[in-house]
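Student: Can you read through this structure? Questions will come right after.
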Amino acid sequence: MPRTDPPPSKKQDAPPEGPARRPSQNPRASRPRLLDEAAAQREREKDVLEDLEITVGETEISLSESELAESQLASAWTDPEPSEHDRVTVAPPMPEQEYVAKMMEELPEAERVPLSRAITPVPPSRAITPARGLSKPPFGADSASPSRKSRRASARPKKKEHEAGPSTKPRARTSRAPVAVVAPPPHQGEPLTLDLSESLLPIAVPSTVPIPQFGPVSVPKFDTTESAPPPAPARPRATFAISQQNSAIDAIAATAGLQSSDRPRFSFAPPSSHALERDPPRLSFRPASGDPLELVEVRAQSVRPGPAPKATMVEVRDRFDVGDFSGALALVVKILEEEPEHVDALLYAEHCRDVLKQMYISNLGGLRKVPQIMVSPEQLRWLALDHRAGFLLSQLDGHSTFEELLDVCGMPPFEAIRLLVQLLQQNVIRVV
Amino acid sequence: MERVIGIDLGTTNSCVAIVENDKPQVIPNRGGWATTPSMVALTEAGKRLVGHIAKRQAITNAENTVSAAKRLIGRKWASPQVKNGVLTSSYRIVEGPHGDLRIQLRDKQYSVPEISAMVLQEMKVIAEDYLRQPVSKAVVTVPAYFNDNQRQATKDAGQIAGLEVIRIINEPTAAALAYGFGKRLDQTIAVYDLGGGTFDISILEIGEGGIFKVIATAGDTFLGGEDFDSRIIDWLVTGFQAEHSIDLRQDRMALQRLRDGAEKAKCELSSVQETELNLPFIISSGQNEALHLQRKLTRETLEKLCGDLVDRTVDICRQTLKDAKISTKEIQEVVLVGGMTRMPKVQSAVGGFFGREPCKGVHPDEVVALGAAIQGAALVDEKKQMILLDVTPHALGIMTFGSNFEELVPQNTTVPTSRAKTFTTSRDNQTAVKIIVMQGESELAEQNDLLGEFILTGLRRAAKGQVEIEVTFAINADGIVSVSARDLETGQEQSIQVTASSGLTPEEIVKMMADAQDFTVERRSTEEFEGVKQEAEKLIVQIEQLLPDVEQAVASSDFGKDAIGKAKAVVERARAAIGKKDVSAVREQIEGLSRTQRMFKGVVAKAP
């Protein structure tokens, strides 16, 4: 997914907010010496950052765990808890050509995925451009932070198990060759997280099945692309064969306790060799149009769902039967848009509205209650409300009951009640 | 002694007052406001809304909201005012069965007195809630220019509302009464009344001994505070359109908010120099976002926007004094009436014209109702020395040859009175004459109001001008006008008794009264039920909260379990009574619930 991380300098200048950045939870808070070192390192990195032109808002760098542990950068981080935003990737420590060739060798022809665009592979470590504003010193440098290492290790018990011995749990890439992508550190307690590239899943996953967490695409920026020789068609680093993708899904589904019939399947056909000859996928060492943001946008478009399927009365009944009245009503409204005289749909719509209205009234605590605005007029302007909600709010005087409000608002009662419930849930109003 | 309330039945706002401990005071409505909008609406669900709540939905439900019904009361369908109303009103006006008019609200037609009765009924309820006793008598004010039909229609409205209107008095007279309350005055005053929808200027003579006489009155029935609001709305809409290219008038919700905001800003600018209109999320931009309206309005801008409206009132004052042949120097006091007179620009314009500072000793919104209350108290208390003479509001006369109007009883003639005049035939050998009785001040008969007509027959044949006929107008103390025509030679006589009519038959009025009574009973019972229901539900909640602790405390006792079972039964019975909406049953259960709640509290308190 595209990310909009704040610029790096801001992260370092201002104390970050949120539970993931709470200094009080820092396990190294009792180590002043290390903190001092970290602070000094931060200052040094800040100087470096000020000289860099950072244009990698959507770029991720891969780092192996050991490299990460040894890096000076790791010592500078003071995150007490791992966050999904902390995930980094890095290229394998080998020359580009060798890496690409190796990748292509290992990929059977039949399993190749046609590339709709050029995807930049992971560059060698020397060409790393820091992601999210973090300047990474060369690997192997001093001042590796053991505390950082231990923290990340503790946050990823699965990885530790893997390092200690063969894991009994299915892993997505255990049988693959040196894929440079390191699985992002999952949150503690989460069974498994895969760093699958969403761009490489060109089919829609059924909504009834839990969708696996996909990591962001790594699109590093290279300084040496001009001199790089034209590469052979290569598979991007995070690409899986269909069978591997299915096995990954199986792993997730097994973890989630899903039946095999409920699991999504990737069943698209690979391109023929003829097609690949005619239009061979090209690998570029630079982003498609020189801007990583554009790449992300292209990918986002490629997975955009098609037109919504037509709603049917069967679905309406199903939803109604399971008590999903709002869902049923939404479907009925769609049906009525096409067939305004649809008798069944009209009946269901009326019934859904009746039930929902009662539910909404119950949420409000009864129509005889008096609503009051909880936010100041200044704060009100910053809420995401529409003009109808604005009108309802304008009618609240602190004395009128919901019933009176429905009388004066001039809106259909169901719609007005629904909006009032939303306002109540958003804590814009309260009931007295 | 029965209490008499005074009601100012205004075009845009109404107010009710009473004299308590010899001091007149306004009765606030449930919302705490001294005045109540004279608006009536019918919701989609058929619910009747009166007052502030009707005003708040006046634009979003414009077709079914009646405002300014006073402009139509007592008028005939064919009158120019009604024709104008048909064109300008947002609600539907249709022709009634007796040449009168009806107002269509959803699927039902209402007469204008019926609509006014709803407002009067609201004022009655406000007074009864305050006094905690039934109220059945009232003094109601009307503009000085109201004719007999309009006054009668107002009386009928009171009757439909369950009020006996013991006196109709002119608004400027009421204002003067309140102004002169407790004072010994002998002076000529001007009452400048700029209300929500109308403007009136009246010149009164207050004599020693409490004689109030309206010398002259004039006004504009389409000039008031709403016009000022409209100017602010225009200013806001124009600014918003320039900024966003969206016409806010096209959206009813936006327009309703603009009107509310404009009125609020206008009121604020009477006391501050600058105010901000802040209407967030006023309209959708069409791109999935809502736009805000935020503008600062200064008093200076408002005065520029509305300067011509203020000038119009001054022009009317000038013309009225000129017609009455009175100079401003003769005016010894200027009384301001109506909320709009709080506007500093209005006060300075009035002060400038009359050459004196207007009197600020009376509350402009309340002064008329206070005067009516004073009059009401005086009417039922003989000890209160006050002589308030009834006068004819308009001149009375007959139509003569050439469609001219011949005046017999001048305007402001104190009643009872009798006046006679002799006329002759207008054609040769004329054996009959038609006497057409009219009311008004115009020399052209067609511009005055028709009160009635009759034919005198049996005249002797003679050349025109030779037969003399004496026409006599007699008005008794009850305001009933009798007109007679007598052939002076033969003594042949015909007469007619003219009684003002609102356009409603007595049967219709009785039926409307019954309907209004039913509505009142239903409203009262609903309110009563809601009251006992809330009380019962509160007790049920308390009992249910105590129940687990009580169960624990009496777990080992059979007697305790039995008591809990009984308590649960009481709660169930109370719930059933609430479900049936049976007020008396709920009230019965409240006693049991109270006992149970007290018992439970005691058990919990004694529990270890």
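Student: Does B:Val437 count as crowded, with 20+ Cβ neighbours inside 10 Å and over 22 Å from B:Ile475 (Cα atoms)? Walk me through it before giving the result.
Tutor: On the way: crowded, with 20+ Cβ neighbours inside 10 Å: yes; over 22 Å from B:Ile475 (Cα atoms): no.
Considered against the rule, which asks whether it is crowded, with 20+ Cβ neighbours inside 10 Å and over 22 Å from B:Ile475 (Cα atoms), B:Val437 comes out as no.
Student: Criterion first (surrounded by 14 or more Cβ atoms within 10 Å (Cβ to Cβ), outside any loop (DSSP other than H, G, I, E, B), out of contact with any Phe, Trp or Tyr (no Cβ under 7 Å at 6 or more places or on another chain) and not hydrophobic (A, V, I, L, M, F, W, C)) does B:Gly479 satisfy it? Show your work before the answer.
Tutor: Values: surrounded by 14 or more Cβ atoms within 10 Å (Cβ to Cβ): yes; outside any loop (DSSP other than H, G, I, E, B): no; out of contact with any Phe, Trp or Tyr (no Cβ under 7 Å at 6 or more places or on another chain): yes; not hydrophobic (A, V, I, L, M, F, W, C): yes.
No, not satisfied.
Student: Here is a follow-up. Is it the case, given these coordinates, that B:Gly6 is part of a loop (DSSP other than H, G, I, E, B) and either modelled with pLDDT of 90 or more or within 14 Å of chain A (Cβ to nearest Cβ) (or both)?
Tutor: no
Student: Just wondering, is there one or more residues in region B:95-106 that are in contact (Cβ under 8 Å) with a residue 24 or more places away in the chain, of a type outside the set (A, V, I, L, M) and buried (at least 20 other Cβ atoms within 10 Å of the Cβ)?
Tutor: Yes: region B:95-106 contains one or more residues that are in contact (Cβ under 8 Å) with a residue 24 or more places away in the chain, of a type outside the set (A, V, I, L, M) and buried (at least 20 other Cβ atoms within 10 Å of the Cβ).
Student: Can I ask one more? Hey, any hits in region B:549-571 for a residue that's buried (at least 17 other Cβ atoms within 10 Å of the Cβ), touching a residue at least 24 places away in the same chain (Cβ under 8 Å), within 19 Å of B:Lys533 (Cβ to Cβ) and in contact with a Phe, Trp or Tyr (Cβ under 9 Å, 6 or more places away or on another chain)?
Tutor: There is no residue in region B:549-571 that is buried (at least 17 other Cβ atoms within 10 Å of the Cβ), touching a residue at least 24 places away in the same chain (Cβ under 8 Å), within 19 Å of B:Lys533 (Cβ to Cβ) and in contact with a Phe, Trp or Tyr (Cβ under 9 Å, 6 or more places away or on another chain).
Student: Specify the residue that is farthest from B:Arg460 (Cα to Cα); the eligible residues are those in region B:414-435 that are among the basic types (Lys, Arg) and within 42 Å of the chain's Cα centre (by Cα).
Tutor: B:Arg419
Student: What is the one condition in (1) among the aromatic types (Phe, Trp, Tyr); (2) at pLDDT below 95; (3) not in a loop (DSSP other than H, G, I, E, B) that B:Phe181 does not satisfy?
Tutor: (3)
Student: Identify the residue in region B:287-316 that is without any contact (Cβ under 8 Å) to a residue 12 or more places away in the chain and over 30 Å from B:Thr221 (Cβ atoms) and, among all such residues, is nearest to the other protein chains (Cβ to nearest Cβ).
Tutor: Checking each candidate, the answer is B:Ala290.
Student: Tell me which of these B:Gln411 doesn't satisfy, since it passes every other one: (1) more than 20 Å from B:Thr141 (Cβ to Cβ); (2) within 27 Å of the chain's Cα centre (by Cα); (3) free of Cβ contacts under 8 Å to residues at least 60 places away in the same chain.
Tutor: That leaves (1) as the condition not met.
Student: For the list (1) over 16 Å from the mean Cα position of the chain (by Cα); (2) under 24 Å from B:Ala17 (Cβ atoms); (3) among the β-branched types (Val, Ile, Thr), I need the number of the one condition that B:Ile203 fails.
Tutor: (2)
Student: Could you grab the pairs with beta carbons closer than 8 Å, sequence gap of 6+ or different chains, first residue in region A:343-371 and within 15 Å of A:Ser400 (Cα to Cα), second one among the basic types (Lys, Arg)?
Tutor: A:Pro371/A:Arg430
Student: Separate question: Among the strands (runs of 3 or more DSSP E) lying completely within region B:28-103, list those that include at least 2 residues that are touching a Leu at 6+ places or on another chain (Cβ under 6 Å).
Tutor: B:40-42
Student: Output the residue which, of all residues in region A:379-400 that are more than 9 Å from every other protein chain (Cβ to nearest Cβ), surrounded by fewer than 16 Cβ atoms within 10 Å (Cβ to Cβ) and of a type outside the set (Gly, Ala, Ser), is nearest to A:Ile429 (Cα to Cα).
Tutor: For region A:379-400, the residue satisfying everything is A:Gln379.
Student: Here is a follow-up. Going through region B:245-291 one residue at a time, which ones are more than 34 Å from the chain's Cα centre (by Cα), of a type outside the set (Ser, Thr, Tyr) and loosely packed, with under 15 Cβ neighbours inside 10 Å?
Tutor: Those that are more than 34 Å from the chain's Cα centre (by Cα), of a type outside the set (Ser, Thr, Tyr) and loosely packed, with under 15 Cβ neighbours inside 10 Å: B:Gly286, B:Gln287, B:Asn288, B:Glu289.
Student: For region B:235-259, name all the residues that are farther than 21 Å from B:Gln287 by Cβ, within 14 Å of chain A (Cβ to nearest Cβ) and in contact with a strand residue (DSSP E or B) (Cβ under 9 Å, 6 or more places away or on another chain).
Tutor: Once the filter is applied, which keeps residues that are farther than 21 Å from B:Gln287 by Cβ, within 14 Å of chain A (Cβ to nearest Cβ) and in contact with a strand residue (DSSP E or B) (Cβ under 9 Å, 6 or more places away or on another chain), region B:235-259 yields only B:Leu258.
Student: Within region B:38-78, how many residues turn out to be away from chain A (no Cβ under 12 Å) and within 17 Å of the chain's Cα centre (by Cα)?
Tutor: Total meeting the criteria: 12.
Student: In addition: From the list B:Phe529, B:Phe473, which one is aromatic (Phe, Trp, Tyr) and closer than 30 Å to B:Asp428 by Cα? Before the answer, list the steps.
Tutor: Numbers: B:Phe529 fails: closer than 30 Å to B:Asp428 by Cα.
After applying the criteria, what remains is B:Phe473.
Student: Look at A:Ala330 and say whether it is away from chain B (no Cβ under 11 Å) and crowded, with 21+ Cβ neighbours inside 10 Å.
Tutor: Working: away from chain B (no Cβ under 11 Å): yes; crowded, with 21+ Cβ neighbours inside 10 Å: no.
Against the criterion (away from chain B (no Cβ under 11 Å) and crowded, with 21+ Cβ neighbours inside 10 Å), A:Ala330 does not qualify.
Student: Return the residues of region B:325-334 that are surrounded by 14 or more Cβ atoms within 10 Å (Cβ to Cβ) and out of contact with any Ser or Thr (no Cβ under 9 Å at 6 or more places or on another chain); say none if nothing qualifies.
Tutor: B:Thr328, B:Val334
The values are calculated or read from the model by the stated rules, or taken from the named source; none is laboratory data. Owing to the predicted nature of the structure, the values given are computational and were not obtained by experimental measurement. Ideal geometry is used to build each Cβ from the backbone, glycine not excepted, and the neighbour counts take in all protein chains shown.
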